[in-house]
């Protein structure tokens with residue numbers, strides 16, 4: 001049995017080696033990089049490079065010298081890394097996978113590539129994601145918005161097809177193009193009147209365009225006018241939208257500074273496929289039949305064509321008595337083989 005003195009002797013022996021006398025020389029204790037940048041009680045701060053050079057996002061300088069702006073972004077960094085870390089790791093892995101498809105489409109419509117991460121926040125890059133409000137697909141369009149693009153303006157017409165057998169909100173290429181057009185429309189073409197000034201075309205501010213993607217442009221315009229400002233950071237918006245843009249910026253920061261935040265790269269390759277267009281079928285093409293032609297599985301074929309309802313599992317030859325022109329995605333390098341197989345099996349004219 002250890003007596004009181006013996007107990008304290010053992011305790012002293014255990015504790016004392018943790019202290020170093022002034023004469024001893026040991027390497028200084030180095031905190032993990034993110035802890036060295038902590039401010040105001042947050043566990044994770046901004047990367048040193050950002051602290052030194054400032055922060056730009058989506059063609060706009062972010063005023064991180066303002067404590068309120070800085071705290072909103074850092075708060076989201078901490079939320080993502082402490083409460084949603086595994087989900088963020090999934091986002092980064094899927095961003096690596098989908099980047100090669102999404103970013104070129106964004107660039108085509110002159111939308112900043114940082115908006116790759118808007119799909120992460122919206123759906124985790126899940127083609128079948130469905131919100132409680134009925135928003136669906138990679139970019140979470142609600143049905144009414146998806147079916148109604150601007151009239152007589154093909155450059156910004158984001159309208160998609162939603163029928164009994166398919167929903168283009170679940171097509172990666174089509175829905176990404178629609179999201180890019182919708183964002184570009186709000187930023188460059190939508191009629192906007194702010195604070196009594198003459199009407200202009202678009203916000204010309206990607207932060208406001210992102211906020212409008214979440215809350216709706218009418219609500220954002222109403223708040224800007226109510227508070228007499230045109231700056232995203234100076235207007236209180238609905239709670240979800242207040243967090244939405246800082247979360248988008250935080251996700252992008254975590255991605256671009258993965259080592260600093262201790263996030264691993266778990267890339268499983270990049271998404272790649274061929275797309276065949278204007279396919280007019282003479283008979284219904286089931287996913288089972290298509291998979292057999294392409295030496296793959298029906299599930300793999302469907303995962304390339306998630307615009308088609310899984311309950312159907314077929315590209316129909318007609319709809320409402322009329323022939324359909326299909327866009328079909330196939331494994332990379334198999335487009336020619338697919339065309340040949342369609343003809344050989346009587347699905348298209350020889």
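The values are calculated or read from the model by the stated rules, or taken from the named source; none is laboratory data. Since we're looking at a predicted model, the values are computed, not measured. FYI the Cβ positions are ideal-geometry reconstructions off the backbone, even for glycines, and counts take in every protein chain you see.
Observations
- Among the residues of this structure, residue 121 does not count as one that is at pLDDT 95 or above and either within 22 Å of residue 202 (Cα to Cα) or touching a strand residue (DSSP E or B) at 6+ places or on another chain (Cβ under 9 Å) (or both).
- Within the stretch 73-91, being part of a helix (DSSP H, G or I) and surrounded by fewer than 20 Cβ atoms within 10 Å (Cβ to Cβ) holds for 75, 78, 79, 81, 82, 85, 86, 87, 89, 90.
- Residue match in the stretch 272-286 (condition: modelled with pLDDT under 95 and assigned to a loop (DSSP other than H, G, I, E, B)): yes
Listed here are the residues, each with its yes/no results for (1) in contact with a strand residue (DSSP E or B) (Cβ under 9 Å, 6 or more places away or on another chain); (2) assigned by TED's automatic domain parsing to the domain that holds residue 74.
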{"position": "250", "(1), (2)": "no, yes"}
{"position": "265", "(1), (2)": "no, no"}
{"position": "268", "(1), (2)": "no, no"}
{"position": "294", "(1), (2)": "yes, no"}
{"position": "301", "(1), (2)": "yes, no"}
{"position": "329", "(1), (2)": "yes, no"}
{"position": "340", "(1), (2)": "no, no"}
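- Looking across the stretch 202-233, the residues that are closer than 12 Å to residue 60 by Cβ and either in a helix (DSSP H, G or I) or not assigned by TED's automatic domain parsing to the domain that holds residue 190 (or both) come down to 206, 207, 208, 209, 210, 232, 233.
- Any hit, the stretch 235-247, residues being part of a helix (DSSP H, G or I), in contact (Cβ under 8 Å) with a residue 40 or more places away in the chain, touching a strand residue (DSSP E or B) at 6+ places or on another chain (Cβ under 6 Å) and not assigned by TED's automatic domain parsing to the domain that holds residue 322: no
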